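Notes follow the structure.
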Amino acid sequence: MARVFPQAAISSPYMSTERETFTVWMKSLVYQTNGLTVYNSNGEITYRVENYDKATNEVHIMDLHGNILFTIRKKKLWFFGSWYVYREGGSLSSTEEVKPFVRIKRSSIRDGDWEVRDETSEVFWILRFDPKFAFQIIDTNGDIIAQVKPKQSSNGITLGEDVLTLEVKPRVDHSLVVTLVTVYGLIKGVV
């Protein structure tokens, strides 16, 4: 199984040996409502999220062809709740006990940040830059593995609050990074 930050040879279509840059449009591709669409550096759609009901506790990350890669479920705990990510598998019934691939919860260290713990208990952090939608995903060494910021034109003009640049470090599973961007969007109420 591909890890978020693997050290082994790349065998996944969702990783690269090169740094990758994506454009994230915080809109649904099909219905122009809640969701997001991710384009690679060639302008091709690579991932999409269709969230037809903002009140739902379950969202799916899909590839271009509609294949479900990850399912995100919100677990309501106390005031804040946490988010569980399940690898490939569509909807999970409420009676199934399946171990999540990743868990995301509010950081107890710094307000506005989120702790990401994978199935091997490796910890990553989503660190907020500003109140809008800019953040980094870092590992326990403080190395940046991905960064999200407002997209700017070559003239330095911001293209809007719903158009973002996602930069992903080499050898990082960008499908999982897109899933973490989606979770952050759900937390901020924009997906």
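Give me the dipole magnitude in Debye, nearest 20, for segment 18-188 about the Cα centre, with unit charges on the beta carbon: positive for Lys and Arg, negative for Asp and Glu.
Numbers: 22 positive and 23 negative charges, 103 e Å.
Approximately 500 debye in magnitude.
Just the number, please: carbon plus sulfur as a percent of the accessible area of segment 18-188, 1.4 Å probe, no ligands or DNA/RNA counted.
Numbers: 4230 of 8800 Å².
The computed percentage sits at 48.
For Ser12 and Glu58, what is the calculated FRET efficiency with R₀ set at 25 Å and r taken between the beta-carbons, to the nearest 0.05?
Details: r = 24 Å, r/R0 = 0.98.
Between Ser12 and Glu58 the formula returns 0.55.
How many nm is it between the label spots at Glu115 and Asn42, if each spot is 7 Å from the Cα in line with the beta carbon?
That separation, rounded to one decimal, is 4.1 nm.
Considering the Cα positions of segment 18-188, please state its Rg to one decimal place and its Dmax as a whole number of Å.
Looking at segment 18-188, its Cα Rg and Dmax stand at 15.4, 53 Å.
Of Lys76/Lys188; Lys27/Lys99; Lys74/Lys151, which ones are farther than 25 Å apart at the Cα? Before the final figure, lay out each step's value.
Working: Lys76/Lys188 16 Å; Lys27/Lys99 30 Å; Lys74/Lys151 28 Å.
Lys27/Lys99; Lys74/Lys151, as the Cα separations exceed 25 Å there.
Could you work out how much longer the chain between Ile68 and Val98 gets when fully extended? Use 0.36 nm per residue separation minus the Cα distance between them, nm to one decimal.
Numbers: separation 30, 0.36 × 30 = 10.80 nm, distance 1.65 nm.
So the chain would gain 9.2 nm between Ile68 and Val98.
Can you compute the FRET efficiency between Thr140 and Arg19 using 1/(1 + (r/R0)^6), with r the Cβ-Cβ distance and R0 = 22 Å? Round to the nearest 0.05. Please list the in-between numbers first.
On the way: r = 21 Å, r/R0 = 0.94.
Computed FRET efficiency for Thr140 and Arg19 comes out at 0.60.
Quickly work out the Lys105-to-Val30 label distance, labels modelled 7 Å from Cα along the C-beta direction, and quote it in nm with one decimal.
Computed distance between label sites Val30 and Lys105 equals 3.4 nm.
Using a 10 Å cut-off on Cβ atoms, rank the peptides 38-50, 55-67 from the highest mean neighbour count down.
On the way: 38-50: 16.5, 55-67: 15.0.
Most protected by this proxy first, the peptides run 38-50, 55-67.
Give me the tail of P(r) for segment 112-191 as a percent: Cα-Cα pairs with distance above 22 Å.
Values: 724 of 3160 pairs.
Every Cα pair in segment 112-191 considered, those over 22 Å come to 23 percent.
The values are calculated or read from the model by the stated rules, or taken from the named source; none is laboratory data. This is a predicted model, so every value here is computed, not measured. Reconstructed Cβ throughout: ideal geometry from the backbone, glycine too, with neighbour counts over all protein chains shown. Just so you know, the surface numbers come from the protein's heavy atoms only, side chains and all, with ligands and any DNA or RNA stripped out. Shrake-Rupley method; radii C 1.70, N 1.55, O 1.52, S 1.80 Å.
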